[in-house]
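Structure first, then comments.
The values are calculated or read from the model by the stated rules, or taken from the named source; none is laboratory data. Quick caveat: nothing in here was measured; it's all calculated off a predicted structure. All Cβ positions, even for glycine, are placed from backbone atoms using ideal geometry, and neighbour counts span all protein chains on display.
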Amino acid sequence: MASPSSLELHINGSRHVLDVDPRATLLDALRETAGLTGTKKGCDQGQCGACTVHVDGERVLACLTLAAQVEGREIITVEGLAGADGTLHAVQQAFIDEDAFQCGYCTPGQIMSAVACIKEGHAGSDDEIREFMSGNLCRCGAYPHIVAAVRKAAEALA
Ligand code: FES
Ligand code: FES
C-alpha cells in the first residue's frame, strides 16, 4: 500500500483533512476515513448506484471516483441533505411518505440520485423517472414506491 497522503475534502459544507491512500476511492474515504457511513457500498464496481453522491451538484458514483480527484470540490452526501434544523429534504420526506424502501440499503443512493434527477429536469413522467433512476438498483424491488416518491418530491419542489 502506498503511504497515506493528506487530502482536503469539502463534505456537506465542512472542510475535512483526511489521511488516505492516494489510490483510495471517494467511497472508502467517506466511509472509512471521514466516518460518513450513510453512503453505501454495494457492488464497488459502478453497477448498483448505492454509493451515489453529488460532486459540484452532479451525481457521481463514489466507488468509481478517486478521493484525490475531488479535492477542493463540493461533495454532498446523504448526511448533508437535511436542513441545519433537521428538516428533511423534500425527497427524503417523500421516500418516508411513500414507503419507498424495504431493507433501506439502496435508499441513500436512490435519494441522492432522485435529488439530481429532479434538478436535471428528468422527473416529468414515471417513464422518465424510471429511465433516469435506472442506475440505482433495488434488490427489494421497491421500484413502484420509489417512482411514486420521486414524482411526489418533484411536485413538491416545482
Ligand atoms: S457501490 Fe458504487 S455503483 Fe455499486
Ligand atoms: S430497499 Fe432493499 S435494496 Fe432497495
Practice task
Return the total of residues in the range 118-156 being within 16 Å of ligand 1 (Cβ to nearest atom) and in contact (Cβ under 8 Å) with a residue 40 or more places away in the chain.
Solution key: 3
Problem - Tally, over the range 1-27, of residues that are in a strand (DSSP E or B) and of a type outside the set (Ser, Thr, Tyr) - result: 11
Handout entry: Members of the range 52-84 that are small (Gly, Ala, Ser) and more than 11 Å from residue 112 (Cβ to Cβ)
Key = 57, 67, 68, 72, 82, 83, 84
Problem - Pair list, Cβ under 8 Å, 6 or more apart: the range 41-52 residue assigned by TED's automatic domain parsing to the domain that holds residue 63, other residue within 6 Å of ligand 1 (Cβ to nearest atom) and of a type in the set (D, E, K, R) - result: 50/41; 51/41; 51/44
Exercise for the section: Determine, yes or no, whether residue 30 is of a type outside the set (Ser, Thr, Tyr) and either more than 12 Å from the chain's Cα centre (by Cα) or part of a loop (DSSP other than H, G, I, E, B) (or both). Expected result: no
